[in-house]
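The values are calculated or read from the model by the stated rules, or taken from the named source; none is laboratory data. What you see is a predicted model, and the numbers here were worked out from it, not measured in a lab. Cβ placement follows ideal geometry from the backbone for every residue including glycine, while neighbour counts extend to all protein chains displayed. Please note that ligands, DNA and RNA were not included when accessible areas were found on the heavy atoms of the full protein model with its side chains. Shrake-Rupley method; radii C 1.70, N 1.55, O 1.52, S 1.80 Å.
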Amino acid sequence: MSTPDIASFDPFAGPPQLHGARRFGVRPGTELIHPLAVSGERPLRFEVAGLPDGLTVDGDGIVRGVAPAGPGEHALVVTATNALGAIVEPVTLCLGGTLALTPPMGWNSWNVYGATVSAEVVLAVAQAMVDTGMRDLGYSYINIDDFWHASARSADGRPLTNPETFPGGIAPVAERVHQLGLKLGIYSDAAELTCGGCFGSLGHEQVDAAAYAEWGVDLLKYDYCHAPVGRDAAIERYGAMGRALAEADRSIVFSVCEWGLRQPWRWAADLGGSLWRTTPDIFDSYSWLPLGVRGLAARNVKLNRYARPGHWNDPDMLLVGNRGRGRSTGELRLPKGPRPKVWSFRGISDVQAHSHMTLWAMMAAPLLTSHDLASTGEFDRRLLTNPEILAINQDELGVQARKVSPRFRPWVLAKPLADGSLAVSITNMGRRTRRVSLPLGEVGWDGDAEVRDVWRMRDVGRLDRLDVELAPFASVAYVCRQTD
């Protein structure tokens with residue numbers, strides 16, 4: 001398969017451009033760390049008009065401080081200037097109980113590091129997120145998955161970290177991550193043990209939530225290994241942690257990870273969940289059912305009506321950059337008699353990675369990479385740093401694309417955007433080249449449109465239909481805007 005033609009974007013070149021979330025939320029009276037995602041030639045100078053008392057913006061464009069105690073919205077005006085120009089853009093600070101007003105973007109340790117995660121690894125990835133310009137495009141979470149734990153809790157029940165891999169605990173890691181303008185995530189399980197056999201949080205929800213807040217944690221991924229099968233038990237256990245997080249003195253995003261087996265899209269938001277897994281774990285394959293990209297996308301795409309600002313369907317992490325090297329995504333072992341059944345996965349191709357990123361962006365899915373950022377190849381870097389596909393994912397309207405094509409044709413997804421335009425993607429899910437002629441009326445667009453090719457970052461022209469030829473597993477993505 002050939003490599004898709006996609007534009008390269010340098011986050012450290014050109015005049016300033018604002019990216020990322022235009023609306024961001026924090027609980028009243030809690031600490032706020034919000035990086036204003038601005039690309040452009042350095043140095044950049046930042047001003048933010050309308051910031052309430054207690055909040056400031058630093059020289060890196062990070063809004064910091066303690067949010068006001070009362071709920072409400074604050075209209076802010078961001079000015080960013082460099083030697084090549086200036087921008088003046090509105091953003092909105094939302095004080096209330098709803099966090100993650102756009103899908104979280106960032107990194108998770110699980111796929112590539114698994115049980116080898118350490119403070120050193122986490123801090124190196126955080127620095128790489130800054131050095132690569134990913135922070136300046138909206139990526140902000142650095143999430144520690146399983147295996148940060150000591151062998152047991154302290155005598156009083158408080159959680160402890162592994163003294164060899166996290167010798168200073170989580171707090172100094174969070175402090176350094178925050179200094180870089182990023183946010184720290186952590187992991188636990190709604191049972192006595194995590195999936196990896198470390199201590200879980202069952203019966204310790206209050207003490208764990210208080211510890212996470214004290215350490216400076218900004219997101220909790222809460223797994224469901226070693227827990228009862230039934231939905232009622234899951235709701236009870238997730239509810240206990242959701243209440244504990246709500247009572248903690250910090251804005252901690254709650255990621256419900258029970259793999260979609262109990263329809264969490266119907267109940268997780270009521271328990272404080274900002275995102276919920278709709279699928280089993282992803283493995284480094286495109287077509288292997290049911291755990292490859294195509295299978296997980298097919299489960300997630302049907303749930304578009306449940307996604308909205310602050311509440312997101314999560315079809316698991318991005319495979320982009322793994323290239324078959326992920327410790328946790330490259331091999332699946334299942335018991336089968338005296339010997340385990342083993343499937344090995346070699347990774348997805350350039351074309352498949354391109355479709356993977358297209359589908360996740362259109363579905364308003366969390367964009368959490370899980371690879372060694374320092375070794376990201378050029379093509380994968382372009383996939384992860386295309387500002388126009390990221391803007392579709394982070395659109396403040398918060399709509400997950402709906403599938404408008406019949407079952408067995410190439411997938412056509414349509415996603416309305418806050419400015420009145422419409423994002424449209426076409427993905428060939430099959431192994432044969434397909435020609436597609438799509439009248440814009442079939443995706444709900446009335447009349448002609450000014451069409452922009454998102455991945456190539458260039459205008460196509462005034463059209464009333466999209467005509468494309470798609471190689472096996474290939475995708476295209478466009479934004480349609482009103483004509484003059």
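Please indicate, with yes or no, whether at least one residue in region 35-42 is farther than 16 Å from Asn82 by Cα, surrounded by 18 or more Cβ atoms within 10 Å (Cβ to Cβ) and in contact (Cβ under 8 Å) with a residue 40 or more places away in the chain.
Taking region 35-42 and keeping what is farther than 16 Å from Asn82 by Cα, we get 35.
Those left that are additionally surrounded by 18 or more Cβ atoms within 10 Å (Cβ to Cβ): 35.
Narrowing the set further to residues that are in contact (Cβ under 8 Å) with a residue 40 or more places away in the chain leaves 35.
There is at least one residue in region 35-42 that is farther than 16 Å from Asn82 by Cα, surrounded by 18 or more Cβ atoms within 10 Å (Cβ to Cβ) and in contact (Cβ under 8 Å) with a residue 40 or more places away in the chain.
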Cross-chain or 6+ apart pairs with Cβ under 6 Å, region 4-19 first and within 8 Å of Glu41 (Cβ to Cβ), then part of a loop (DSSP other than H, G, I, E, B): Phe12/Gly133; Ala13/Glu41; Gly14/Gly40; Pro15/Gly40; Pro15/Leu84
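Out of Asp446, Asp467, Asp459, report the one residue that is out of contact with any Ser or Thr (no Cβ under 6 Å at 6 or more places or on another chain) and at pLDDT 95 or above. Don't jump to the end; show me each part of the working.
Details: Asp446 fails: at pLDDT 95 or above; Asp467 fails: out of contact with any Ser or Thr (no Cβ under 6 Å at 6 or more places or on another chain).
Asp459 is the lone residue from the list that is out of contact with any Ser or Thr (no Cβ under 6 Å at 6 or more places or on another chain) and at pLDDT 95 or above.
Does Ile33 qualify as being closer than 17 Å to Cys94 by Cβ and touching a helix residue (DSSP H, G or I) at 6+ places or on another chain (Cβ under 6 Å)? Talk me through it step by step, then tell me what you get.
Values: closer than 17 Å to Cys94 by Cβ: yes; touching a helix residue (DSSP H, G or I) at 6+ places or on another chain (Cβ under 6 Å): yes.
Yes; evaluated as a whole, the condition is true for this residue.
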Which numbered condition Val112 misses (of (1) modelled with pLDDT of 95 or more; (2) open to solvent by less than 50 Å² (accessible area, probe 1.4 Å); (3) out of contact with any Phe, Trp or Tyr (no Cβ under 9 Å at 6 or more places or on another chain)): (1)
Pairs where the first residue, in region 78-106, is open to solvent by 40 Å² or more (accessible area, probe 1.4 Å) and the second is in a loop (DSSP other than H, G, I, E, B), C-beta under 6 Å, 6+ apart: Leu84/Pro15; Leu84/Glu41; Thr98/Gly310
Qualifying residue in region 69-81 (condition: closer than 23 Å to Phe254 by Cβ and among the hydrophobic types (A, V, I, L, M, F, W, C)): yes
Lone qualifier among Gly65, Gly59, Gly72 - being surrounded by fewer than 12 Cβ atoms within 10 Å (Cβ to Cβ), closer than 21 Å to Gly138 by Cα and either of a type in the set (A, V, I, L, M, F, W, C) or without any contact (Cβ under 8 Å) to a residue 40 or more places away in the chain (or both): Gly59
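Scan region 436-462 for residues that are touching a residue at least 40 places away in the same chain (Cβ under 8 Å), surrounded by fewer than 18 Cβ atoms within 10 Å (Cβ to Cβ) and in a loop (DSSP other than H, G, I, E, B) and jot them down.
Restricting attention to region 436-462, the residues satisfying the condition of being touching a residue at least 40 places away in the same chain (Cβ under 8 Å) are 440, 444, 452, 454-458.
Of the ones still in play, those that are also surrounded by fewer than 18 Cβ atoms within 10 Å (Cβ to Cβ) are 444, 456-458.
Within region 436-462, Gly444, Arg456, Met457 qualify.
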Number of the condition not met by Pro472 [criteria: (1) touching a Gly at 6+ places or on another chain (Cβ under 9 Å); (2) of a type outside the set (Lys, Arg); (3) more than 23 Å from Leu303 (Cβ to Cβ); (4) part of a strand (DSSP E or B)]: (4)
Qualifying residue in region 379-389 (condition: under 17 Å from Pro4 (Cβ atoms) and of a type in the set (Phe, Trp, Tyr)): yes
Which numbered condition Pro406 fails, given (1) of a type outside the set (S, T, N, Q); (2) more than 29 Å from Gly295 (Cβ to Cβ); (3) free of Cβ contacts under 8 Å to residues at least 12 places away in the same chain: (2)
